[in-house]
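Data block below; observations after.
The values are calculated or read from the model by the stated rules, or taken from the named source; none is laboratory data. Keep in mind that this is a model prediction, so the values were computed, not measured. All Cβ positions, glycine included, derive from the backbone under ideal geometry; neighbour counts span all protein chains shown. Protein only, heavy atoms only, side chains kept; ligands, DNA and RNA dropped before computing areas. Shrake-Rupley method; radii C 1.70, N 1.55, O 1.52, S 1.80 Å.
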Amino acid sequence: MKKTIISIAVLLALGISQIGFAQNAKEEIVRINKQNQNAFTASYDVDKDVLETAVSDYFSKINLGRSKSYKGYNRYEEAVWSEISPDKIDLYSKVDGRNNTSNLTLLVSKGYDNYVTTMSDEEMAIRIKTFLNNFMQYTYEAQNDADIKLSEEALKKAEKDFDKIVKDGENLVKDKEKIEKEIEKNAAEKEEAAKKVEEEKAKLEALKKKQ
């Protein structure tokens, strides 16, 4: 019984691990420079711009060098990526997709059109797939950073709106005070005007009695 419980716990742990590091990396043929070449791809449950940021930040972090645009890909020539190969490689990366789902495609060349496949270099192919699978954690971090940025922008807007409302309220109070003073002034002027009317009436009546 105890052994069974331990086995279930192990299976649950493995299940959790697979959720965090989805095993969806695969090989497929892509068209590049008018030729079919082997590529490694994986999909992630994040927007395209989030994945692009995650990929760009990661390649910058490992000092992969500057990339150049090439046939719809970002090309890193003679790059040193020790996680994948002890030798220099040419790396081609591309991100595509739509809302909540995006794909990362990598082509790794040992030079010219010598693109890595499982058949040509199984160990390197495994390392590339492992990278793609484990990259899920970086997409989560990038998504969290994006969410934080959006939340900060929302908070900033909310604070700006609040400050405007407070300022409008202060202006309304000032306007109210000004209007109240004008009302008091108008009441005093009305009282004076009424007295003047009565005085003139009295004068007129007095003059009429003299006739």
For this session: Restrict the check to the range 102-109 and report whether at least one residue is of a type outside the set (Gly, Ala, Ser), open to solvent by 60 Å² or more (accessible area, probe 1.4 Å) and either assigned to a helix (DSSP H, G or I) or under 30 Å from Arg31 (Cβ atoms) (or both).
Result: no
Exercise. Any chance the range 184-203 includes a residue that's open to solvent by 100 Å² or more (accessible area, probe 1.4 Å) and of a type in the set (A, V, I, L, M)?
Worked result: no
Exercise. Among (1) modelled with pLDDT of 90 or more; (2) open to solvent by 80 Å² or more (accessible area, probe 1.4 Å), where does Lys71 come up short?
Worked result: (1)
Problem set entry | Gln211, sole failed condition from (1) over 30 Å from Glu28 (Cβ atoms); (2) surrounded by 10 or more Cβ atoms within 10 Å (Cβ to Cβ); (3) of a type outside the set (Phe, Trp, Tyr) | (2)
Exercise. Scanning for something in a strand (DSSP E or B), surrounded by 10 or more Cβ atoms within 10 Å (Cβ to Cβ), modelled with pLDDT of 90 or more and out of contact with any Phe, Trp or Tyr (no Cβ under 8 Å at 6 or more places or on another chain), does the range 19-27 turn up at least one residue?
Worked result: no
Exercise. If we scan the range 164-171, do we find a residue that is closer than 30 Å to Pro86 by Cα and under 34 Å from the mean Cα position of the chain (by Cα)?
Worked result: no
Exercise. Are any residues in the range 21-53 farther than 19 Å from Arg75 by Cβ, within 23 Å of the chain's Cα centre (by Cα) and aliphatic (A, V, I, L, M), and if so, which ones?
Worked result: Ala22, Ala42, Val46, Val50
For this session: Looking for whichever is open to solvent by less than 100 Å² (accessible area, probe 1.4 Å) and without any contact (Cβ under 8 Å) to a residue 40 or more places away in the chain here; the options are Asn144, Asn133. Which one fits?
Result: Asn144
Exercise. Restricting attention to the range 114-130, which residues are within 25 Å of Ile62 (Cβ to Cβ) and either open to solvent by 70 Å² or more (accessible area, probe 1.4 Å) or of a type in the set (Ser, Thr, Tyr) (or both)?
Worked result: Asn114, Tyr115, Thr117, Thr118, Ser120, Glu122, Glu123, Ile126, Arg127, Thr130
Exercise. Which is more than 30 Å from Val80 (Cα to Cα) and not hydrophobic (A, V, I, L, M, F, W, C), of Lys110, Lys196?
Worked result: Lys196
